[in-house]
Amino acid sequence: MTAPSTEPTAPSQALQVPGPEFIHPVVDGRPAEHPGGQYEASSQAGSRAPSIRPNAAISANTMVRYEDADFRQPPDLNYTLRTRKKSIAIFWTLIILDCVAMPIALYFGLWYGTSLSPNAVFSISTGALGSVSIIEYFLRFYRLWKKGSTCRVIGAHRFYLDWFHWNLSVAWIAVMVELIVGTIPKNPPIRLLAMPVSTMAFAFGLELLIMDVARLAGMKAPIRISSLPVGAPLRPGIYAIIEDVVAVDGSGGTEFRQRLNLRYQASQLFRQMLHRLTLFWAFGALIIASVTTAIIFTVNRNVAYVLGWTLPFAWAGIWAIITIKWVQMSLRDEYAKWDEVKWKA
């Protein structure tokens, strides 16, 4: 594998903007399901990736050259967390301080350390919440929107942004509505104000589960889901999250979107792993959201407020550690069995 090339590449070696045929599974180097039409793919012998129309619209700086055109090994994702450990640690430390420590510290500090009214206490604590997340939200928007963006979704216009960004937007609106409604009364309902993180976990898990059930039922994408165009077979719900977060927040760029797309098509074991990870996160999120909600509405209000803002984050940290180990083991197994499973539907 080489770094992205700025030179023209042969269609058989360059993973370019996919038309509908490039989103379908590939068998023996050709799409297993082919809708035809203007994106007609040329037939190729052997195990090469399907070619794409030479005039497909793509910037040269996001094209990827694959030297291993016969895929003797799994298509390389060309991405690692090892070199990004410091930046990841800094980012999540700021998020924890901003979205966990801040609301709890302000609640206890203002409630027991001042003579402010309950309404004022929560107006201040909710107003200070999420400053780091909001900054990251707009930085993310800029990376996707700016002219010449190198992390934009494959085949989409700049105004689309990506699937994760739209989900993030809806989630923030829902949380803000929940917090604003909770701070309007003279005596704010503390238990409701402890619910935002659980609400997000529930929505996240439900979306993942619905997408995977729809995929197993053979449904097509009703709208664009990041690099997956309308009408293409759905992919596991976690696929779009991985694609978007790594491409934009993790600086993997459009190159990562392309590499992930090819890896998904080429490897049955990779697709299987993403399916299982989707269910792992979906059921985990639904369970932790349900458990946290039950706790919030049964225990002492102070305990409820603390656990409401901490339990889902603690769960997410444990799930992330398990996921990293799981993926490492799965990828090693994939490499060991590659000759048996490549291009297998």
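The values are calculated or read from the model by the stated rules, or taken from the named source; none is laboratory data. The structure presented is a predicted model; accordingly, all values stated were derived computationally and were not measured. All Cβ positions, glycine included, derive from the backbone under ideal geometry; neighbour counts span all protein chains shown.
If you take the residues in region 267-314 that are among the aromatic types (Phe, Trp, Tyr) and over 14 Å from Tyr239 (Cα atoms), which one is surrounded by the most Cβ atoms within 10 Å (Cβ to Cβ)?
Trp309
Right, Asn61: over 25 Å from Ile242 (Cβ atoms), out of contact with any helix residue (DSSP H, G or I) (no Cβ under 8 Å at 6 or more places or on another chain) and either surrounded by fewer than 15 Cβ atoms within 10 Å (Cβ to Cβ) or modelled with pLDDT of 85 or more (or both) or not?
For Asn61, the condition - over 25 Å from Ile242 (Cβ atoms), out of contact with any helix residue (DSSP H, G or I) (no Cβ under 8 Å at 6 or more places or on another chain) and either surrounded by fewer than 15 Cβ atoms within 10 Å (Cβ to Cβ) or modelled with pLDDT of 85 or more (or both) - is not met.
Do you know which residues across region 220-229 are without any contact (Cβ under 8 Å) to a residue 60 or more places away in the chain and out of contact with any strand residue (DSSP E or B) (no Cβ under 8 Å at 6 or more places or on another chain)?
Within region 220-229, Pro222, Ile223 meet the criteria.
Tell me, which helices (runs of 4 or more DSSP H) wholly within region 85-195 include 3 or more residues that are surrounded by fewer than 19 Cβ atoms within 10 Å (Cβ to Cβ)?
Ranges flagged: 85-96, 102-113, 118-127, 131-145, 163-183.
Scan Thr298, Thr292 and give me the residue that is among the hydroxyl-bearing types (Ser, Thr, Tyr) and either in a helix (DSSP H, G or I) or under 15 Å from the mean Cα position of the chain (by Cα) (or both).
After ruling out the rest, the residue left standing is Thr292.
Considering only residues that are out of contact with any helix residue (DSSP H, G or I) (no Cβ under 6 Å at 6 or more places or on another chain), aromatic (Phe, Trp, Tyr) and within 17 Å of Asn302 (Cα to Cα), which ones fall in region 108-150?
Once the filter is applied, which keeps residues that are out of contact with any helix residue (DSSP H, G or I) (no Cβ under 6 Å at 6 or more places or on another chain), aromatic (Phe, Trp, Tyr) and within 17 Å of Asn302 (Cα to Cα), region 108-150 yields Phe108, Tyr112.
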